[in-house]
1. Suppose only helical runs count, i.e. DSSP H with n ≥ 4. What mean residue ellipticity at 222 nm does that imply for the chain under -39500 (n - 2.57) per run, divided by all residues and rounded to the nearest 500 deg cm²/dmol?
2. Between (i) 1.06; (ii) 0.99; (iii) 0.93, which matches Rg/Rh (Cα atoms, Kirkwood Rh) calculated for the structure shown?
3. How much accessible area per residue does the stretch 1-104 have, in Å², with a 1.4 Å probe?
4. Compute the convex hull volume of the Cα atoms of the stretch 1-61, divide it by the residue count, and report the result per residue in Å³ as a whole number.
5. Got a number for the accessible area of K173? Probe 1.4 Å, square angstrom, nearest 10.
6. What FRET efficiency comes out for D130 versus L51 if R0 is 22 angstrom and r is the Cβ-Cβ distance? Round to the nearest 0.05.
7. Compute, for the chain, the length of the dipole vector about the Cα centre, with Cβ point charges of +1 (Lys, Arg) and -1 (Asp, Glu) only. Units Debye, rounded to 20.
8. Return one quarter of the surface area of the convex hull spanned by the alpha-carbon atoms of the stretch 85-124, equal to its mean projected area, in nm².
Amino acid sequence: MIAYLDGKLAYKDPTYVIIDVSGVGYQVKISLQTYAALHNTGERCKLHTLLIIREDSHTLFGFFEGAEKELFEDLISVSGIGPSTAMIMLSSLSSAEIKHAIISEDVRTIQSIKGIGLKTAQRAIIELKDKLKKESLLGGVTPNIFAPANSALRNEALTALVTLGIARAVAEKSIDMIIKREGNEITLEQLIKLALR
């Protein structure tokens with residue numbers, strides 16, 4: 001209904017902002033990701049928004065980036081994750097970390113978020129894993145999001161394994177498991193050797 005708001009940032013709080021759009025102040029709930037991305041009050045800003053209407057409230061949720069809004073919509077589609085819980089998730093971890101945890105079936109990371117139990121974490125993985133993986137591939141982004149240092153290592157190892165005749169999907173899964181288990185200190189040679197076992 002309201003796709004975005006473009007106006008002056010009148011008030012900024014870690015959980016919500018008020019945006020003045022032509023003299024009308026819109027109170028918008030935000031995550032810590034969006035809070036960190038916003039500039040000082042009095043400056044112009046644009047937030048992608050989603051209006052959620054309940055019997056007892058009309059709540060506007062705002063996101064600095066469209067990708068965060070899309071992830072929020074994906075999260076609230078999961079049974080047991082409401083808008084407030086989804087905002088806690090987006091405030092606890094970055095969008096990339098949430099997507100990576102879901103795609104790599106990292107139940108522990110998702111469950112570490114306040115308000116998320118084992119069953120809800122498992123449900124989120126089951127319901128969103130394939131969708132997020134497909135979105136990541138269509139967007140030209142690898143579904144596994146690692147720190148930049150690991151990214152180069154991962155890509156070199158992946159190229160080597162594919163050149164050796166190992167299927168790309170099998171190689172990716174193997175590399176990701178090894179990096180997760182061994183940590184950031186592993187060398188390229190060790191990573192390839194372990195992946196070939």
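1. Details: 9 runs with 101 residues, N = 197.
My calculation for the chain gives -15500 deg cm²/dmol from helical runs alone.
2. Of the labelled values, this structure produces (i).
3. Numbers: 5240 Å² over 104 residues.
Each residue of the stretch 1-104 exposes 50 Å² on average to a 1.4 Å probe.
4. Convex hull volume per residue, Cα atoms: 81 Å³.
5. About 140 Å², rounded to the nearest 10.
6. On the way: r = 28 Å, r/R0 = 1.27.
With R0 = 22 Å, the Cβ-Cβ based efficiency is 0.20.
7. For this selection, approximately 380 debye.
8. Result: 2.3 nm².
The values are calculated or read from the model by the stated rules, or taken from the named source; none is laboratory data. The model shown is predicted, which means the values in this text are computed figures rather than measured ones. Reconstructed Cβ throughout: ideal geometry from the backbone, glycine too, with neighbour counts over all protein chains shown. For the accessible areas, the whole protein counts, side chains as well, though only heavy atoms, and no ligand, DNA or RNA atoms are used. Shrake-Rupley method; radii C 1.70, N 1.55, O 1.52, S 1.80 Å.
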